[in-house]
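K.L.:
I'd like to ask you about the structure that follows.
The values are calculated or read from the model by the stated rules, or taken from the named source; none is laboratory data. The model shown is predicted, which means the values in this text are computed figures rather than measured ones. All Cβ positions, even for glycine, are placed from backbone atoms using ideal geometry, and neighbour counts span all protein chains on display. Side chains included, ligands, DNA and RNA excluded: accessible areas come from the protein's heavy atoms. Shrake-Rupley method; radii C 1.70, N 1.55, O 1.52, S 1.80 Å.
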Amino acid sequence: MTEKRKKGLVIKSTGSRYKVSDEKGNITDCVIKGKFRIKGIRTTSPVAAGDIVFFEKQEETSTGIITEIKERKNYVIRKATRLSKESQIIAANIDQLIILATITEPETHPEFIDRVLVTAEAYRIPAKIIFNKTDIYSKEHIYKRDYLVSVYKKIGYDSCSISLLNDDHTGMLAEMVKNRVTLLTGNSGVGKSSLINKIEPSYNIKVEDISDYHRMGKHTTTFAEMYALSGGGYIIDTPGIKGFGIIDMIKEEIYHFFPEIFRASGKCRYYNCLHINEPGCEVKRQLEKGEIEQFRYRSYLKIFKDNNSKYR
């Protein structure tokens with residue numbers, strides 16, 4: 001016997017089991033009914049944190065069965081690490097994406113940032129970049145940080161710097177995520193769980209026991225999980241990842257997701273210019289003049305040449 005089906009929000013997905021919060025905030029451990037297929041995408045799990053679902057609660061076990069997934073307004077997807085599957089949906093129904101990066105301990109490479117930004121652009125999710133651990137930056141680190149901030153701001157991405165040891169940043173961070181569903185992503189060790197703990201200390205998310213602040217924030221998150229914010233909204237903590245494999249894109253359209261390259265492409269001689277070796281390419285002209293940054297163009301080429309992207 002089952003109760004009347006309920007509507008809920010998936011706040012955690014472990015691949016086979018899901019924590020679902022109903023409209024009263026009650027949490028139910030759920031499994032899925034049958035095999036879901038979302039728009040033909042083969043994924044490691046058909047249900048992700050942020051999904052709106054309907055489920056039936058089993059009175060005899062107090063668990064639930066997810067019977068329906070509502071259509072997503074967007075999602076963030078990346079190449080799966082498991083060879084048997086094609087992709088991994090990290091989270092769904094997102095209002096904004098924040099990339100937490102560091103110049104050192106560990107170093108976040110610009111290519112990683114660019115790959116996440118391309119995915120955000122592809123699914124029309126506003127993105128921000130926050131550089132953490134400024135208290136340990138050398139003059140060289142500060143120079144590099146300032147350079148990257150200026151590049152991304154010129155392109156159109158909000159970017160700022162913080163130290164999670166500085167309480168002055170807490171109010172700014174809380175306001176940034178207020179009343180929004182925010183996906184927080186970044187490499188292992190950049191301080192994602194520590195940032196959530198700073199905004200909402202009551203969660204006390206586990207971080208690795210370490211004695212050296214230079215490695216502060218290296219957390220033990222293994223699955224994406226949503227946290228309700230006292231100021232309204234949710235923040236989704238994600239597992240630290242070394243790479244961000246691009247998937248589900250048509251190669252000839254990848255340049256659309258680099259705003260500065262897309263703007264320049266309107267002046268290329270050929271409408272189907274791929275900005276690699278075609279004559280009359282405005283993108284290459286701006287690249288030579290320094291109006292488009294070399295590292296951004298290298299990111300474009302690497303993603304374009306990725307065998308996992310699709311040809312038309």
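K.L.:
Does S138 satisfy the criteria of being among the polar types (S, T, N, Q), open to solvent by 60 Å² or more (accessible area, probe 1.4 Å) and over 26 Å from V181 (Cα atoms)?
P.N.:
Values: among the polar types (S, T, N, Q): yes; open to solvent by 60 Å² or more (accessible area, probe 1.4 Å): no; over 26 Å from V181 (Cα atoms): yes.
No; evaluated as a whole, the condition is false for this residue.
K.L.:
Residue check, E3 against (1) open to solvent by less than 60 Å² (accessible area, probe 1.4 Å); (2) modelled with pLDDT under 90, all met but one. Which one?
P.N.:
Of the numbered conditions (1) open to solvent by less than 60 Å² (accessible area, probe 1.4 Å); (2) modelled with pLDDT under 90, the odd one out for E3 is (1).
K.L.:
Looking at region 141-150, which of its residues are buried (at least 19 other Cβ atoms within 10 Å of the Cβ) and within 20 Å of the chain's Cα centre (by Cα)? So that I can check it myself, show each step before the final result.
P.N.:
Residues of region 141-150 buried (at least 19 other Cβ atoms within 10 Å of the Cβ): 145, 148.
The one that is buried (at least 19 other Cβ atoms within 10 Å of the Cβ) and within 20 Å of the chain's Cα centre (by Cα): L148.
K.L.:
Same structure, new question: Could you look through region 103-113, keep only residues that are more than 13 Å from T185 (Cβ to Cβ) and open to solvent by less than 50 Å² (accessible area, probe 1.4 Å), and pick out the one that is nearest to the chain's Cα centre (by Cα)? Break it down into steps so the answer makes sense when it comes.
P.N.:
To start, the set of residues in region 103-113 that are more than 13 Å from T185 (Cβ to Cβ) comprises 103-107, 109-111.
Next, from what is left, pick out any that are open to solvent by less than 50 Å² (accessible area, probe 1.4 Å): 103-104, 106, 110.
Working: I103: 19, T104: 20, P106: 18, P110: 15 Å.
If we take residues in region 103-113 being more than 13 Å from T185 (Cβ to Cβ) and open to solvent by less than 50 Å² (accessible area, probe 1.4 Å), then P110 is nearest to the chain's Cα centre (by Cα).
K.L.:
Only one of T102, T81, T61 is among the hydroxyl-bearing types (S, T, Y) and at pLDDT 90 or above. Can you tell me which?
P.N.:
Details: T81 fails: at pLDDT 90 or above; T61 fails: at pLDDT 90 or above.
Only one candidate passes the filter, namely T102.
K.L.:
Being farther than 26 Å from Q294 by Cα and among the aliphatic types (A, V, I, L, M), is that true of even one residue in region 93-109?
P.N.:
Taking region 93-109 and keeping what is farther than 26 Å from Q294 by Cα, we get 93-96.
This time we only want the ones that are among the aliphatic types (A, V, I, L, M), so: 94.
Checking region 93-109: at least one residue is farther than 26 Å from Q294 by Cα and among the aliphatic types (A, V, I, L, M).
K.L.:
So, in region 49-64, exactly how many residues are aliphatic (A, V, I, L, M) and surrounded by 24 or more Cβ atoms within 10 Å (Cβ to Cβ)? Don't jump to the end; show me each part of the working.
P.N.:
First pass over region 49-64, keeping only residues aliphatic (A, V, I, L, M): 49, 52-53.
Next, only the ones that are surrounded by 24 or more Cβ atoms within 10 Å (Cβ to Cβ) stay: 49.
Looking only at that region, the number is 1.
K.L.:
In region 269-300, how many residues are open to solvent by 20 Å² or more (accessible area, probe 1.4 Å) and farther than 20 Å from K154 by Cβ?
P.N.:
Residues meeting the conditions: 10.
K.L.:
In region 261-285, which residues are assigned to a loop (DSSP other than H, G, I, E, B) and of a type in the set (A, V, I, L, M, F, W, C)?
P.N.:
Scanning region 261-285 gives C268, C273, L274, I276, C281.
K.L.:
OK, next. Among all residue pairs at least 6 apart or on different chains, which show Cβ distances below 6 Å where the first residue, located in region 283-298, is under 16 Å from V118 (Cβ atoms) and the second is outside any helix (DSSP H, G or I) and modelled with pLDDT of 95 or more?
P.N.:
Here the result reads V283/H275, each pair linking region 283-298 to a residue that is outside any helix (DSSP H, G or I) and modelled with pLDDT of 95 or more.
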